[in-house]
Amino acid sequence: MNQETWTAVDGYFQERVLAPDRALQAAVEASERAGLPAIQVTPLQGKLLMLLAQLHGSRSILEIGTLGAYSTIWLARALPEDGKLVTLEVNPKHADVARANLARAGVAERVEIRIGQALDSLAELARQGRGPFDFVFVDADKEHNAEYLEWALKLTGPGSVIVVDNVVRHGAVVDASSRDASVVGTRRFVERLAAEPRVSATAVQIVGSKGYDGMVIARVL
Ligand code: SAH
Ligand code: DHB
Ligand code: MG
């Protein structure tokens, strides 16, 4: 099995289970034109996020790490008409691209982008008494994933869902001697998760057009 196969299989399923989608396509193109890194979730992963939020009946969603709002659009589509999504982004240029993409997708009024270091924005959300959020998608800098789990727990309640992206990194997660900051951060997050009595969690390894990675999926107890 190799990248060529994973990409071909992603294409095979994309053509069959995903409808052509101009807003999502335009979001990818606008992000690329603006020079954003092409690290958004894949189309099949985006739909997985939407389906999880729909199956759960989520009405309020918190996302940490917006980029060009590709995953944000998928998640916003899971919401009912009066649902709300807050997404956190440190880079104002990313937020500008995201805002335009969200407007084009017709979900702008359901989505609030907060610009700043996610740790500051999370503290601000807590101060403002926001939450509990039904669903949290953690997908920013991997160094702070342990802290993001802590904040996610403060901003959710029993039955909420927490999904954390990029926890496998081509298998690098099992390298205890890694000095890669995102691997170190992921391993610190996993240790915290393992010791955390307030969640029930699993990990899903994923291959596809973005390579070999995975997500942690957890339910708050
Ligand atoms: N969720 C997006 C991809 C996010 S990429 C998608 O799948 O479509 C990670 C994003 O997190 C980048 O835009 C980056 O600027 C942002 N980010 C990195 N560190 C951050 C921090 N400390 N606080 C907030 N955002 C951060
Ligand atoms: C990176 C970040 C992501 O959120 C992702 O899905 C893939 C890669 C990165 O920082 O390299
Ligand atoms: Mg990611």
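A short reminder: the numbers here are calculations on the coordinates, not readings from a lab. Keep in mind that what you see is a predicted model, and the values were worked out from it rather than measured. No Cβ is skipped: glycine too gets one built from the backbone with ideal geometry, and neighbour counts run over all protein chains shown.
Below, the figures for the structure above:
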item: The stretch 141-219 and the stretch 25-102: distance between their alpha carbon centers, rounded to Å; result: 19
item: Computed lengthening from Ala194 to Tyr212, 0.36 nm per intervening residue step minus Cα-Cα distance; result: 4.2 nm
item: Where GluC sites (Glu not before Pro) fall in DSSP loop in the stretch 61-133, at most 14 other Cβ within 10 Å; result: Glu81
item: Those trypsin sites (Lys or Arg not before Pro) in the stretch 137-221 that DSSP places in a loop and that have at most 15 other beta carbons within 10 Å; result: Arg179, Arg198
item: Cα-Cα over 23 Å, subset of Lys47/Lys84; Lys142/Lys210; Lys84/Lys154; Lys47/Lys210; result: none
item: Charge dipole magnitude, Cβ of K and R +1, D and E -1 - the chain, Cα centre, debye nearest 20; result: 300
item: Stretch gain in nm, segment Arg219-Val204, where the contour uses 0.36 nm per residue and the Cα spacing is subtracted; result: 4.0 nm
item: Among beta bridges that DSSP assigns inside the chain, antiparallel share in %, nearest 5; result: 45
item: Spin-label pair Val184/Met1, simplified geometry with 7 Å Cα→Cβ offset, distance in nm; result: 3.1
item: Stokes-Einstein diffusion coefficient of the chain, Kirkwood radius over Cα pairs, 4 °C, 1.567 mPa s, in µm²/s; result: 74
item: Low-density loop positions, trypsin sites (Lys or Arg not before Pro), the stretch 31-64 - DSSP coil, at most 11 other Cβ in 10 Å; result: none
item: Computed FRET value (nearest 0.05) for Ala103 with Ser177, which takes r as the C-beta separation and R₀ as 35 Å; result: 0.15
item: Most mobile listed residue (Val90, Val204, Val161) in the chain, GNM with C-alpha springs under 10 Å; result: Val204
item: Cα-based reach from Lys93 at 17 Å (exclusive), listing aspartates and glutamates while leaving out same-chain residues under 8 positions away; result: Glu29, Glu32, Glu112, Asp141
item: Positive-end residue, the stretch 175-221 charge dipole about Cα centroid, Cβ charges, pick of Val220, Thr186, Val204; result: Val220
item: Within-12-Å neighbourhood charge of Asp139 [Cβ basis; K, R +1; D, E -1]; result: -4
